[in-house]
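**Q** Mind having a look at this structure? Questions to follow.
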């Protein structure tokens, strides 16, 4: 008796560039997991075909005539809710539009690479296939509250959270916080960091899988929406109270102790070829654990794969504190699941509670 075949993933391609439509179609048509049900040349046509064809997932260009990708995304979410992957240019403006799209309900994004480089085209092909397959398995609904961050204010600065209530945290001393995230991470991190008050007494280091052109604009966006100061890290930065640093894309970040300070060291990817994800959360967290002697809190949020598990495992061995996001609020329950299944998560919490729990260590 033949085993039942897995249904194909039905994809609608929306892009004003005929070259990109053909390129995406060519990539997907060579993978038996996909069925291209239609293409559209602008946002208006994209919305019409989303309603008529009911695809499993849509690839949506950001910049298009008649109706751009963000407007089309909002129309799709209103009229025919569908999982959407944005296809974004590797520019500051492309990054800003992408983060708006994620806020509006897009599952993830793929940086558009239109160079003639065979390596660049191969990376785009791999990312397209991987992210579409991830997105289809992802949780569609986003957690409530992710778009309602706390703005800078005197009131926020005066908040004094209660001490940790979990018996697991009694007697634990932290001096720093390390956070890792991937798919679904841009919205999740905004939710977490927006709950941390401006007078938070510990430095925070954040690693998220993003390309080089995106981490700077993302840090600026978080800085405008959260109470504490947030910016992209540069080599030589010192982790300080009330400051969250975002590891720059396109390279790895390690932390080292210099005297009484924990200092950021950026590293070329060629120095650590064993790490597939860039920037590597495992490398960032592991080096941070060694630099702090384990006097830190590690947090792993939504994401595919298991990056961050080894860093959290080392942190547990050194006596630190660990938190993982729960399955119900994770867009992709991969990275947190690895920590939970591996027994290295002290607490497993819904997204909306994690920022408040971090703040309790004041």
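The values are calculated or read from the model by the stated rules, or taken from the named source; none is laboratory data. Quick caveat, the model's predicted, so the values are computed rather than measured. So basically every Cβ, Gly included, is an ideal-geometry build from the backbone, and we count neighbours across all protein chains shown.
**Q** Just for helices (runs of 4 or more DSSP H) wholly inside the range 1-94: which have at least 3 residues that are crowded, with 21+ Cβ neighbours inside 10 Å?
**A** Working: elements: 18-29, 43-53, 69-79.
Passing ranges, in order: 43-53, 69-79.
Table: residues versus (1) assigned by TED's automatic domain parsing to the domain that holds residue 29; (2) buried (at least 21 other Cβ atoms within 10 Å of the Cβ); (3) at pLDDT 85 or above.
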| position | (1), (2), (3) |
| --- | --- |
| 119 | yes, no, no |
| 129 | yes, no, yes |
| 143 | no, no, no |
| 158 | no, no, no |
| 163 | no, no, no |
| 166 | no, no, no |
| 175 | no, no, yes |
| 195 | no, yes, yes |
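**Q** Can you pull out every residue in the range 210-222 that is surrounded by 23 or more Cβ atoms within 10 Å (Cβ to Cβ) and outside any helix (DSSP H, G or I)?
**A** 210
**Q** Let me ask another. If you check 69, 105, which single one turns out to be over 17 Å from the mean Cα position of the chain (by Cα), at pLDDT 90 or above and outside the structural domain of residue 201 (by TED's automatic domain parsing)? Explain how you work it out, then say what you get.
**A** Numbers: 105 fails: over 17 Å from the mean Cα position of the chain (by Cα).
Only one candidate qualifies: 69.
**Q** So, in the range 254-288, how many residues would count as being touching a residue at least 40 places away in the same chain (Cβ under 8 Å), touching a helix residue (DSSP H, G or I) at 6+ places or on another chain (Cβ under 9 Å) and more than 30 Å from residue 137 (Cα to Cα)?
**A** 3
**Q** Let me ask something else about it. Does residue 324 satisfy the condition of being under 22 Å from residue 203 (Cβ atoms) and either in a helix (DSSP H, G or I) or touching a helix residue (DSSP H, G or I) at 6+ places or on another chain (Cβ under 6 Å) (or both)?
**A** Values: under 22 Å from residue 203 (Cβ atoms): yes; either in a helix (DSSP H, G or I) or touching a helix residue (DSSP H, G or I) at 6+ places or on another chain (Cβ under 6 Å) (or both): yes.
It is true that residue 324 is under 22 Å from residue 203 (Cβ atoms) and either in a helix (DSSP H, G or I) or touching a helix residue (DSSP H, G or I) at 6+ places or on another chain (Cβ under 6 Å) (or both).
**Q** Could you check how many residues of the range 223-253 are in contact (Cβ under 8 Å) with a residue 24 or more places away in the chain and not in a strand (DSSP E or B)?
**A** The number of residues fulfilling the criteria is 18.
**Q** Tell me, which residue of the range 233-250 that is under 22 Å from residue 186 (Cα atoms) and either surrounded by fewer than 19 Cβ atoms within 10 Å (Cβ to Cβ) or not assigned by TED's automatic domain parsing to the domain that holds residue 280 (or both) is farthest from the chain's Cα centre (by Cα)?
**A** Taking the range 233-250 first, the residues under 22 Å from residue 186 (Cα atoms) are 233-234, 239, 242-250.
From what's left, either surrounded by fewer than 19 Cβ atoms within 10 Å (Cβ to Cβ) or not assigned by TED's automatic domain parsing to the domain that holds residue 280 (or both): 234, 242-243, 250.
Values: 234: 20, 242: 22, 243: 19, 250: 15 Å.
Filtering the range 233-250 for residues that are under 22 Å from residue 186 (Cα atoms) and either surrounded by fewer than 19 Cβ atoms within 10 Å (Cβ to Cβ) or not assigned by TED's automatic domain parsing to the domain that holds residue 280 (or both), the one farthest from the chain's Cα centre (by Cα) comes out as 242.
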